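The structure appears right after this line, and notes come after that.
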Amino acid sequence: MSDTRARIHRHIESNPGVHFRELTRALDLATGQVQYHLSRLDRVHSESVNGRTHYYTSSFDSWERHAIAFLRRETARDILLTLIERETARPDEVADHLDIARSTLEHHLRGLVEYDIVEKRRDSGRVTLALCRPDLTVELLAAVEPTISSRLSDRFTRLLDQLFESE
């Protein structure tokens, strides 16, 4: 294995769910160079979640890869943390607790529900949110340490949502 390929693999191994741009920035490599080496790494899996491609070693199954992708996004991670703390909550309670627009919450919930990370329970016309696999979600949270650039990108998106909502 080439030195560059080994560096890419080590970075993915220590940063599961790293997305492509973050990988190129962290290793200071050209996008074409990273694409070339990624295509030759057999022990690396990719998942595309909401327009971002994330990379993982083969130690994670499909559900874990999707969960990690969401845990790397600040708002989705905050939603999951709220559900870890409360076990169940109504959507309006989560939105109020996080001080986000209900539309922002629903945007993130679409993916979280689609990949069976969060479930929407309906009882007497009321919706309650809960984690599908709470213990594993907590374990995966420890594997994810978001970067400054990821946090800034997520905060910028949240700011735009708030600005558009107030109009």
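The values are calculated or read from the model by the stated rules, or taken from the named source; none is laboratory data. Just so it is clear, the structure is predicted and the values come from calculations on it, not from any experiment. Cβ: placed from backbone, ideal geometry, glycine included. Neighbour counts: every protein chain shown. Each accessible area value is taken on the protein alone, full model and side chains, heavy atoms only, with ligands, DNA and RNA left out. Shrake-Rupley method; radii C 1.70, N 1.55, O 1.52, S 1.80 Å.
Contact annotation: residue pairs with Cβ atoms under 6 Å, 6 or more positions apart or on different chains, pairing a residue in region 18-43 that is in contact (Cβ under 8 Å) with a residue 40 or more places away in the chain with a partner that is basic (Lys, Arg) and not in a helix (DSSP H, G or I), are HIS19/ARG52. Selection within region 33-50: residues that are over 11 Å from PHE20 (Cα atoms) and surrounded by fewer than 16 Cβ atoms within 10 Å (Cβ to Cβ). The member of this set that is nearest to the chain's Cα centre (by Cα) is ASN50. Within region 32-48, the set of residues being part of a loop (DSSP other than H, G, I, E, B) and within 24 Å of ALA67 (Cα to Cα) comprises LEU41, ASP42, ARG43.
Among the conditions (1) hydrophobic (A, V, I, L, M, F, W, C); (2) more than 25 Å from SER14 (Cα to Cα); (3) open to solvent by 70 Å² or more (accessible area, probe 1.4 Å), the only one that ALA142 does not satisfy is (2).
With respect to TYR55, is the statement that it is touching a residue at least 40 places away in the same chain (Cβ under 8 Å) and either out of contact with any helix residue (DSSP H, G or I) (no Cβ under 8 Å at 6 or more places or on another chain) or more than 15 Å from TYR115 (Cβ to Cβ) (or both) true? Taking the combined requirement at face value, the residue satisfies it.
Taking region 1-28 as the range and being of a type outside the set (S, T, N, Q), part of a loop (DSSP other than H, G, I, E, B) and surrounded by fewer than 16 Cβ atoms within 10 Å (Cβ to Cβ) as the test, the residues that pass are MET1, ASP28.
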